[in-house]
Amino acid sequence: MDCCDCAHSPLVYMDPLTTNLTHMFCELYHDGLTEYTYAAELAGLGYNINNTIYGLNVGLIPVLTVSQRLRLA
């Protein structure tokens, strides 16, 4: 189960320029947080940020227990 939140804005897909700038923002934001979120990702907690036709979508990936990780592997 993921926890997601979406920031709606009609400007995201207004034209190709804003679409590409929004995508670049998402990539740079993710890259900028990589160093700070590394330990959390090792513990099983993660996040994602991407652009959709409605705006920015931010999601959290919950912590998995050891037994859940073994079932997924």
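The values are calculated or read from the model by the stated rules, or taken from the named source; none is laboratory data. None of these values were measured; they are calculated from a predicted model. Cβ: placed from backbone, ideal geometry, glycine included. Neighbour counts: every protein chain shown.
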Residues (in a helix (DSSP H, G or I) and surrounded by fewer than 10 Cβ atoms within 10 Å (Cβ to Cβ)) located in segment 39-61: Ala39, Leu42
Is it the case that Thr19 is touching a Cys at 6+ places or on another chain (Cβ under 9 Å) and modelled with pLDDT of 85 or more? no
Filter pass, Leu64 being out of contact with any strand residue (DSSP E or B) (no Cβ under 9 Å at 6 or more places or on another chain), in a helix (DSSP H, G or I), hydrophobic (A, V, I, L, M, F, W, C) and modelled with pLDDT under 85: no
